[in-house]
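Any read-out appearing in this document is the output of simple, stated calculations on the displayed coordinates, not a laboratory observation. Treat the numbers as computed from the prediction; the structure is a model and nothing was measured. Quick reminder, even Gly has a Cβ in these numbers, built from the backbone with ideal geometry, and neighbours come from all protein chains shown.
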Amino acid sequence: MSEPGELTLKIMRHLEIDWQYIEHVEPSNAERIAAIRSAGRKAGRQLGWKILTHQSDPARREDGHVVVIVAVEEHPNPGGAAADEGAVKAPARSHA
């Protein structure tokens, strides 16, 4: 596997701490939106975790931005006796 880029490493750090990475992007910056989603998937592969990526509809937001979300859907149990039980689901997040 190749070395992760800066954005991938940044997202990995966020996922390890908070299980999510969120960035607000101008809707005209499609290249940045795609880069975040791609880096998020790469971060998941590097960590061995199942990742979800999502982007909001800018027409449904007052500020007109696209919110790009990279979140952990599930990851292998980090160890211990319960490691044989398989994957651990990420905690549910409020979308309020």
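Before moving on, here are some points about what is shown:
- Packing order of peptides 64-74, 12-22, highest average first: 64-74, 12-22 (average count of other Cβ atoms within 10 Å over each peptide's residues).
- Per the Debye formula on identical point scatterers at the alpha carbon atoms of region 6-75, with no solvent, log10 I(q)/I(0) at q = 0.23 Å⁻¹ is -0.90.
- Using 0.36 nm per residue and subtracting the Cα-Cα separation, the extra length available between E3 and S38 on full extension is 11.2 nm.
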